[in-house]
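Report on the structure given below.
Bear in mind these aren't lab numbers, they're just calculated from the coordinates by the rules spelled out. Just so it is clear, the structure is predicted and the values come from calculations on it, not from any experiment. Here the Cβ positions follow ideal geometry from the backbone for every residue, glycine too, while neighbour counts run over all protein chains shown.
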Amino acid sequence: MIQTKGQFQSAKRFLFLVGDIGQFTLRFFREGFHKPFEWKEILKQCGEVGYRSLSLVGVTAFIMGLVLTIQSRPTLVEFGAESWLPAMVSVSLIREIGPVITALICAGKIGSRIGAELGSMRVTEQIDAMEVSGTNPFKYLVTTRVLATSLMLPLLVIFADTIALYGSFLAVNIKGAVSFQLFFNQVFETLEFSDLIPSILKSFFFGFIIGIIGCYMGYNSKKGTEGVGKSANSAVVVASLMVFILDLIAVQITDLFYEL
């Protein structure tokens, strides 16, 4: 009986959380596309989200392409299909691995930063002070960060895919001799716009959900330093989970288009 009651309370808290995030998202659409626009803050947040994440995303993508190629090679050699290695790796990276891994990196780095930043502002009553002074803190703090993550994540995914393919090219040449031109000719012969466009579109939604959840957790942070830590941690966990859920939905939709 006690266990059933605990499960009911957990489900209730989850439903309330989903409802609150839904209302928070609707508020973003109500206020985010009306004047005045905080262009300077949007550009600043784009720099924080994009430029400061390049090194981590680049290193991770390079290792990802290198390892995927090295691990895939023995299986393809066993079936006598080693020549298909560039095509297989490129499709795997562009369609699925690149967007998801980049989104998870950003959920950890950017989501936690936004949650902690807005959480500390809530705890130190800076957000309350903005409301008292007549400034709209939601438009200045939330809208700018959500737009920045939505715009920058597709660019980070393109950057990560490029670096990962270069890492794959180096891995192919560890036990062989494939020219740069031949490798990328095989890659681009295999790839189509139907591989690239869904990848970019879903990375846009990945960025949006990372920004929304990070801002929600920080904006509604509880009082005290413990609340700031919980906001940052919750932002990473919930955003990472939502990335997988959105990816599952995107895969189902993409498969329907491929069947047509």
Review point. What per residue convex hull volume, in Å³, comes out for the range 163-260 when only alpha-carbon positions are used?
Key: 140
Study note, to complete from the structure: Expressed in angstrom and rounded, the centroid-to-centroid distance over alpha carbons for the range 206-260 and the range 126-200 is 17
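So what is the 222 nm mean residue ellipticity for the chain from helices alone, if each DSSP H run of at least 4 adds -39500 (n - 2.57) and you divide by all residues, rounding to the nearest 500 deg cm²/dmol?
Details: 11 runs with 204 residues, N = 260.
Calculated at 222 nm, the ellipticity per residue is -26500 deg cm²/dmol.
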**Study point:** Computed over the chain: relative contact order in percent, which uses C-alpha pairs under 8 Å that are six or more apart
**Key:** 32
**Study point:** Listed residue pairs exceeding 28 Å between alpha carbons, taken from K40/K109; K109/K222; K139/K222; K35/K223
**Key:** K35/K223
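Report the Rg/Rh value for the range 34-90, based on alpha-carbon coordinates and the Kirkwood definition of Rh.
Numbers: Rg = 19.9 Å, Rh = 14.5 Å.
When Rh is taken as the Kirkwood radius, the ratio is 1.38.
Rounded to the nearest 0.05, what FRET efficiency is calculated for T135 and L54 with R0 set to 25 Å and r the Cβ-Cβ distance? Before the final figure, lay out the partial values.
Numbers: r = 32 Å, r/R0 = 1.26.
Result of the calculation: an efficiency of 0.20.
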Check your understanding: For helix 54-78, what angle does its Cα long axis make with the longest principal axis of the chain, in degrees from 0 to 90 and rounded to 10?
Key -> 40
**Study point:** Net dipole in debye of the range 37-259 [+1 Lys, Arg Cβ; -1 Asp, Glu Cβ; about Cα centre; nearest 20]
**Key:** 680
Study note, to complete from the structure: Taking Cα atoms, the helix 144-172 axis meets the longest principal axis of the chain at an angle in degrees (rounded to 10) of 20
Check your understanding: In the range 1-93, what chymotrypsin sites (Phe, Trp or Tyr not before Pro) fall in a loop by DSSP, with at most 15 other Cβ atoms inside 10 Å?
Key -> F33, F37, F79
